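The values are calculated or read from the model by the stated rules, or taken from the named source; none is laboratory data. This is a predicted model, so every value here is computed, not measured. Note that each Cβ is placed from the backbone with ideal geometry, even for glycine, and that neighbours are counted across all protein chains shown. Accessible surface areas use protein heavy atoms only, side chains included; no ligands, DNA or RNA. Shrake-Rupley method; radii C 1.70, N 1.55, O 1.52, S 1.80 Å.
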Amino acid sequence: MPRHATFRAFIAVAAILTTVPLSAQPRGSIAGAVGDARTKHALPGATVFIQSLDRGAASGSDGRFSIDNLPAGAYVLRFTFVGYEAVTRTDVVVRPDRITYVDAELEPAVLGGVEAVVTAGAFSGTRNAVSITARDAEEIRRAPGAAGDVSRAMSSLPSVAKVNDLRNGLVVRGGSPVENAFYVDGIQIQNINHFPTQGSSGGAIGLINPDLIRDVQFQSGGFSSSHGNRLSSVMDITFRDGNRDETEMQLDLNLGGFGFVAEGPLDSNGSSWILSARRSYLDFLVNHLMGDEVDAVPIYGDVQGKAVANLSPKSRLSLLGILGIDISGIDRESAIDEDENTFGDADYTLGSIGLSWRYLIGTKGFITTYASFGSNRSEIDSFETLTGRSLHENHSRESVLRFRQVTSLVSGDHSVEFGADAEFEFGDYELLFAAETDPFGQAQPALQVHDRIRTGGAGVFGTYSLRLLPALSISPGFRVDYGSANGQVEISPRLAATLDVDLLTSFSLAGGKYVQRLPAALLAQSPSHNELPDMTAWHAVASASRLLNEDTKLTVEGFLKEYRDFPVDPTQPALFMMDELFYTNGSFESFGGHPAIEPEGYARSLGVETMVQKKLAERIYGLASASFSRSRYRDLETRWRPRVTDNRLMATVQGGYKPNERWEFSLRWLYAGGAPYTPFDEEASAEAQTGIYDDSLINGLRMPDYHSLSIRFDRRFHFRSSSLIVYLSVWNVYGRHNVAGYYWNEVDARVQEVEQFGTLPILGLEFEF
């Protein structure tokens, strides 16, 4: 039988199997645990209810529950317990002959001084929080135009600038990707991307496998004192535990690569493991089709996993590991053909391993201790296409050892969270920045760096939360941080307050001082940089939110951020140094050579954001957002200029329709005002044979507005003991020509655009057994 006929027969059989009566459909189970969100203790006797089936269960003495013999499909679970806010979990997918684990943590509810059962709906834990958005695993997996990349999935939020499809660095409320913190299971990860930007948090492709994610919380401002050494945002990613009862396997294949996820139990006490491995295969395909080794095809792969051991009813130990390997390069001939100013190789290895231990303290709280080690290696050799001379070498390894301990205690209307953290950085740098003519036509001498950086910092923090009135709570906090490079001690006050107008509406305020040490890649360039003060930002956020119903939430926020003590290069007084990390000139992203910098950088961002988010409770889900903001900096000439990420007006419409358990359709449309850029002085650039800015128009022009539509179609096939998901995702459906920037093409001596993604189809398969 021909291959295509076999495939059609297979699809026909699968379709028949998935349209049989509900009673004959394959079946699975839901299991999990219900606990107190503040103390982590189990809640025995909590009710778990599936409304669409009129079925449910009650949690046992250990807080655990199980609902068996459920038809394969997606469900909504509702958790209730007297004296606690009811919680709804949407997008709970039951797969054939598999157990889906859903854990819920409930918050105590107080209204008018009397405890009552109220609802937090699908937004538990974030309903009254400032600048926090939560996404579950299904929302990340199926997000159109994201390809399972956590960072790209967050680009729908009104707080995130739409800068560049080619990179996924988050620009949050006028900040820089340098300013973002990423945590996985409470362990800080240096970078969660393949082909990362050194000293920053951006990259080309997401490293985290969405099939390992339980949920993601992203906070774009006003975050608590427990997070230090970052200025803009905190992303908390929680990995799910592996299957506690049986071994399972999942195979994945899409345009990006292939891989697997395996999981299973470690013992009979609920301990488990989960492991993922993936690799790109485009190099295999291209080399097979071309019949020769092709230099310009990137290769990347990753391994990540988690093991959990329940040592006792009060003690839990977790081990996390993440490894990514990236290989890329382009030869001189290919660079000429593709109008690239540079050629060379850029290889990276990223690895993190961490251990966390949580212990319940009586019935009043818990203590969590974290220890982790991360290491990033960069091997970059960049050459000028026109002459073949070496432009930039970066052979470095950056490692960091971190410790963190957090204690949370609760007593009635009072709660306190306090702890300490410390990190030790080890950097070995072999850097070369060739002599060049800078963007203003000034001759810059070569800079060679051979340095070993041994630096770090430590901090203590605390937050006290008090319910002053039944409807009013306040949370003052503080951090005290010490940096070993400059010997500086910083005291950072924080404050948050929430007023609950009723069960559905609340107003919140948050803000304070935030401090971040300079990246080690900059410290290595000159001993004098160690004397510079830490970068500082002041946040002020006001928020109003209302639950329109249990699965729909409206939020309006206003924010103001003031940046101080940022590094600037006196040889380029009109530029803002942190903005040079963005891809605008066709070269490798990194900090340039800066042998002398001053702490005179000042910037300000302010804006208003609104968002309506609807979770999948029935057939429709979605998100609509809009924001207007301004992000500017003051240069050394005391002139205010827009930042290169100042989109000003942004809007997003994202959503989906799920008519039944087999089909799902979704889309995302993004719009952003044109970002500022500086045009080249073409006559001076041609004479110098390199790009020279028109210094009378620094960030004075704007690129065309950005907009693009991405769509996705999912089809599920359920078999007796396995399932298959086939999906097609198409980015930039109508082929909008979006511009990422402009650079001076040194080979052809002309200005050329850096184009963002055109129409890009992605076909994928996920087989679970």
Leaving out same-chain residues fewer than 8 places away, which aspartates and glutamates sit with a Cα under 19 Å from that of residue 162? 149, 179, 557, 579, 580, 589, 609, 646, 705, 753, 755
Given 10 Å bins starting at zero, what is the percent of C-alpha pairs of segment 640-692 in each, up to the one with the largest pair distance? 19, 21, 22, 17, 11, 8, 1
Top to bottom by accessible area (1.4 Å), largest first, where do 610, 88 land? 610, 88
Hull shadow area, averaged, segment 199-354 [alpha-carbon convex hull, nm²]: 12.9 nm²
Per-residue ellipticity at 222 nm attributable to helices in the chain (runs of n ≥ 4 DSSP H, -39500 (n - 2.57) apiece, nearest 500 deg cm²/dmol) works out to -1500 deg cm²/dmol
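Quick one: divide the alpha-carbon radius of gyration of segment 340-393 by 2.2 N^0.38 Å and tell me what you get.
My calculation over the Cα atoms of segment 340-393 gives 2.25.
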Please label the shape of segment 204-289 as rounded, prolate or oblate, based on the square roots a ≥ b ≥ c of the eigenvalues of the alpha-carbon gyration tensor (a/c under 1.5 means rounded; beyond that, a/b larger than b/c means prolate, else oblate). oblate
List 194, 41, ordered by accessible area with a 1.4 Å probe, largest first: 41, 194
Give the Kirkwood hydrodynamic radius (Å, one decimal) of segment 183-227, defined as one over the mean of 1/r across all pairs of different Cα atoms. 12.2 Å
Just the number, please: percent antiparallel of the DSSP beta bridges in the chain, rounded to the nearest 5. 95 percent
From the protein chains alone at 1.4 Å, what is the descending order of accessible area for 400, 608, 163, largest first? 608, 163, 400
Can you tell me the accessible area per residue over the chain, all protein chains present, probe 1.4 angstrom, in square angstrom? 40 Å²
How big is the shadow of the Cα convex hull of segment 490-557, averaged over all directions, in nm²? 6.7 nm²
Which value, in Å² rounded to 10, gives the accessible area of residue 166 with a 1.4 Å probe and all protein chains present? 50 Å²
Using a 1.4 angstrom probe on heavy atoms only, work out the carbon and sulfur share of the accessible area of the chain in %. 59 percent
All alpha-carbon distances of segment 418-568, grouped into 10 Å bins from 0, give the whole-percent distribution 9, 25, 25, 19, 13, 7, 1
With only alpha-carbon atoms in the gyration tensor, what are the semi-axes of the equivalent ellipsoid for segment 324-444, in Å, largest first? 49, 16, 13
Taking only the alpha carbons of the chain, what extent do you get along each of the three principal axes, in Å, biggest first? 77, 74, 43
Could you tell me the accessible area of residue 514 in Å² (1.4 Å probe, neighbours in place), rounded to the nearest ten? 0 Å²
Projected area of segment 612-769, taken from the Cα convex hull and averaged over every viewing direction, in nm²? 13.6 nm²
Using only the alpha-carbon atoms, how far is helix 3-17 inclined from the longest principal axis of the chain? Give it as 0 to 90 degrees, nearest 10. 40 degrees
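So, with +1 on the Cβ of K and R and -1 on the Cβ of D and E, and no other charges, what is the size of the charge dipole of segment 276-422 about its Cα centre, to the nearest 20 debye?
Details: 13 positive and 22 negative charges, 389 e Å.
Using only the charged Cβ atoms, the result is roughly 1860 debye.
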Segment 719-769 - Debye-derived log10 I(q)/I(0), Cα point model, q = 0.21, 0.22 Å⁻¹: -0.81, -0.83
Shape call for segment 370-437, from the Cα gyration tensor axes a ≥ b ≥ c (a/c under 1.5 means rounded, otherwise prolate when a/b beats b/c, else oblate), comes out prolate
Rounded accessible area of residue 64 (nearest 10 Å², 1.4 Å probe): 90 Å²
With N set to the number of residues, divide the alpha-carbon radius of gyration of segment 604-690 by 2.2 N^0.38 Å and report two decimals. 1.73
